[in-house]
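A short write-up of the structure that comes next.
Every read-out reported here was derived from the displayed coordinates using simple, explicitly stated rules and does not represent laboratory data. Note that this is a predicted model, so its numbers are computed, not measured. Every residue, glycine among them, receives a Cβ derived from its backbone with ideal geometry; neighbour counts consider all protein chains shown.
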């Protein structure tokens with residue numbers, strides 16, 4: 001990775017400000033949080049189609065890693081913008097949430113190890 005998180009986030013906010021300016025000129029206001037979230041949903045749908053194409057379960061001509069990269073970045077951008085708009089320090093929250101997931105997976109593994117999955121005879 002070539003930039004630290006703070007630099008990536010700052011760049012994402014610069015792009016968000018540029019989009020806010022453009023949207024204000026076009027429709028008289030910046031996109032609402034709901035509109036950013038709906039844009040994110042559309043990007044995730046596009047991402048899913050690209051992954052399916054790259055995995056061979058769907059056929060869309062002209063799809064490659066460049067399109068995957070684009071949609072991944074669009075999705076990350078939307079998440080960063082929404083976090084910023086709601087006052088969430090994603091740089092602090094992400095490591096904490098990942099640690100919670102690691103703890104959860106560890107608990108599930110422990111539960112699985114203590115459960116007898118043997119099928120009753122008969």
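Numbers for the structure displayed
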read-out	value
Nearest-ten-degree value, helix 65-85 long axis tilted from longest Cα axis of the chain	80
Volume of the Cα convex hull of region 46-111, divided per residue and given in Å³	123
Where N is the number of residues in the chain, Cα Rg divided by 2.2 N^0.38 Å	1.49
Theoretical FRET efficiency, 1/(1+(r/R0)^6), r = Cβ-Cβ of residue 32 and residue 94, R0 35 Å, to 0.05	0.90
Degrees between helix 33-55 axis and first principal axis of the chain (Cα, 0 to 90, nearest 10)	60
Region 5-88, relative contact order in percent, only Cα pairs under 8 angstrom and at least six apart counted	34
Most mobile of 109, 26, 96 in a GNM of the chain (Cα contacts under 10 Å)	109
Degrees separating the helix 5-27 axis from the principal Cα axis of the chain, which is the longest one	50
